[in-house]
Amino acid sequence: MSEMNKKTVALTFDDGPEIGITDAVLDILEEHGICASFFVVGENINGETVKIMRRAHALGCEINNHSFTHSVMPEMTAEAIRDEIGRTDKLVYDAVGEYPRFFRPPYIALNSTMYENIDLPFIAGIGCDDWDEKVSVERRVEFLIGECPDGCIILLHDKEENVKTVEALRVSLPKMISGGYEFVTVSGLFEKKGITPQTDREIIYSFATVTGQMG
Ligand SMILES: [Zn+2]
């Protein structure tokens, strides 16, 4: 494999932890010895799902913050925004002994109050609308294999009943690995690309670049 064909990307999953989906994703990751990042919703963390988070963490995955209630946050007060982040941060810390390093806004809905009150780098990503049940497994596979450039953050969902994404990963990951993809956490991606993610300006990252965008 030449250096030219190498691509380093971060697989990320939103809306879990979800019994039956997140653990199925972990089975596939473990089989291939790769890691991902999970942007969890605080409300979904309980005595059962915490075991899945611990397993993910033990496999080298990163657990990040996707709010507590998955609401439209630009409608919230500063205090409510801080509460959303703080509650989920604490639950993650209590579960895996490490605080989230990144935040992904629900629905990628943003405003200045959020930037002012959330002290984590903001992450978006590139996806194929895999939250939508109508998007076929074939389309998801096509996206994963063909539309994820070097340095990108791949946005997927380990949400309830999202078996199509699990199936798409089963098909795509072996092909991506043999095609030269290397999978790292979001932290690992920024490290690998030599970028320090910013929290003191209004920027949301889909790529590990200075601008957060490709090019
Ligand atoms: Zn979400």
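The values are calculated or read from the model by the stated rules, or taken from the named source; none is laboratory data. Note that the coordinates shown come from a computational prediction; the quantities given were computed from them, not determined experimentally. Using ideal geometry, Cβ is built from the backbone for each residue, glycine included, and neighbour counts are taken over all protein chains shown. What goes into the accessible areas is simple: the full protein's heavy atoms, side chains included, and nothing from ligands, DNA or RNA. Shrake-Rupley method; radii C 1.70, N 1.55, O 1.52, S 1.80 Å.
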*Could you provide, to the nearest whole Å², the per residue accessible area of segment 3-205 with probe 1.4 Å?*
45
*Report the equivalent ellipsoid semi-axes for segment 3-205 in whole Å, largest first, defined as the square roots of five times the eigenvalues of the gyration tensor built from alpha carbon atoms.*
26, 19, 16
_the chain: antiparallel DSSP beta bridges as a percent of all, rounded to 5_ = 5
*How much accessible surface does residue 57 have with a 1.4 Å probe, in Å² rounded to 10?*
60
*Compute the signed sum of charges (Lys and Arg +1, Asp and Glu -1) over the other residues within less than 11 Å, Cβ to Cβ, of residue 76.*
-3
*Which loop-located GluC sites (Glu not before Pro) does segment 79-148 contain, where loop means any DSSP state but H, G, I, E or B and the Cβ has at most 14 other Cβ atoms within 10 Å?*
98, 133, 147
_Just to confirm the filter: which trypsin sites (Lys or Arg not before Pro) across segment 106-199 are DSSP coil and have at most 11 other Cβ within 10 angstrom of their Cβ?_
134
*Using just the helices of the chain, give the 222 nm mean residue ellipticity in deg cm²/dmol: DSSP H runs with n ≥ 4 each add -39,500 (n - 2.57), and the total is spread over all residues, rounded to 500.*
-11500 deg cm²/dmol
_segment 59-101 versus segment 124-142: alpha-carbon centroid distance in Å_ = 25
*How large is the charge dipole for the chain, taken about the Cα centre, if only the Cβ atoms of Lys, Arg (+1) and Asp, Glu (-1) carry charge, to the nearest 20 debye?*
560
